[in-house]
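*Asks:* Could you have a look at this structure, given as structure tokens, before my questions?
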Amino acid sequence: MAFEAKKINPLDLKPSVAVGVDLPFSAGAVFNSTYETKDALKANLINYFLTNKGERYLNPDFGSDIKKLLFDNLTEEKIDTLEGIIARDIDLFFPRVRPTDINVLADPDRNMVVLQMRYSIIDTNIEDELIINFEQ
């Protein structure tokens with residue numbers, strides 16, 4: 001009888017060692033630490049989607065341009081294109097993340113875009129969901 005062994009990142013074996021910084025930056029000491037790679041990866045994804053292309057110094061290709069959509073006419077074709085771009089960018093910048101479902105919902109009357117993404121982390125049994133509201 002075969003079973004799939006769960007792979008654990010070595011950093012997760014030390015519960016008192018922080019592996020990343022959580023968002024938002026509103027803790028008493030400014031930074032909230034993350035102690036599991038799952039939480040650090042989710043914070044990195046949020047940081048990616050909230051960063052515009054060209055905004056990161058020495059890495060102008062990093063980031064998504066979802067916020068720029070708030071000033072465009074939102075069509076079904078543009079939303080489908082955006083879902084493909086998000087999948088491609090995640091493959092490029094986050095090779096350990098496998099998106100299982102990407103939905104971009106738009107409300108043009110309120111200038112709002114909602115990104116919903118379910119993903120799994122490769123070589124682990126970890127699945128998570130990310131929901132970000134972009135409003136003008």
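Read the figures in this text as sums done on the coordinates, not as results from a lab. A quick note: this is a predicted structure, and the numbers were derived from the prediction, not measured. Ideal geometry is used to build each Cβ from the backbone, glycine not excepted, and the neighbour counts take in all protein chains shown.
*Asks:* From Cα pairs below 8 angstrom and at least 6 apart in sequence, can you work out the relative contact order of region 18-135, rounded to a whole percent?
*Replies:* 16 percent
*Asks:* Quick one: the Cα spread of region 18-135 along its three principal axes, in angstroms, biggest first?
*Replies:* 42, 34, 28
*Asks:* With charges only on Cβ, +1 for K and R and -1 for D and E, what is the dipole size of region 18-135 about its Cα centre, in debye, rounded to 20?
*Replies:* Its charge dipole is roughly 360 debye.
*Asks:* Using amide H atoms built 1.01 Å from N in the peptide plane, name the residues 5+ places from Thr34, or on other chains, whose amide H lies under 5 Å from its own.
*Replies:* Distant-sequence amide H within range of Thr34: Val19, Gly20, Val21, Asp22.
*Asks:* So what is the relative contact order for region 75-135, in percent, with contacts set as C-alpha pairs under 8 Å and at least six apart?
*Replies:* Once divided by the residue count of region 75-135, the mean separation gives 26 percent.
*Asks:* OK, next. Got a sec to turn the phi values of region 56-62 into Karplus ³J(HN,Hα) couplings, 6.51 cos²θ - 1.76 cosθ + 1.60 with θ = phi - 60°, whole Hz, x for Gly and Pro?
*Replies:* My calculation for region 56-62 gives 7, 5, 6, 9, x, 8, 6 Hz in order.
*Asks:* Okay, next question. Could you go through region 83-93 in sequence order and give the Karplus-derived ³J(HN,Hα) for each residue, using 6.51 cos²θ - 1.76 cosθ + 1.60 with θ = phi - 60°, rounded to whole Hz, and x for Gly and Pro?
*Replies:* 4, x, 5, 4, 4, 5, 5, 5, 4, 6, 9
*Asks:* Pull up the cross-link candidates among the aspartates and glutamates for Lys38, meaning alpha carbon to alpha carbon under 20 Å and not fewer than 8 places away within one chain.
*Replies:* Within reach: Glu4, Asp12, Asp22, Asp89, Asp91, Asp101, Asp123, Glu127, Asp128, Glu129.
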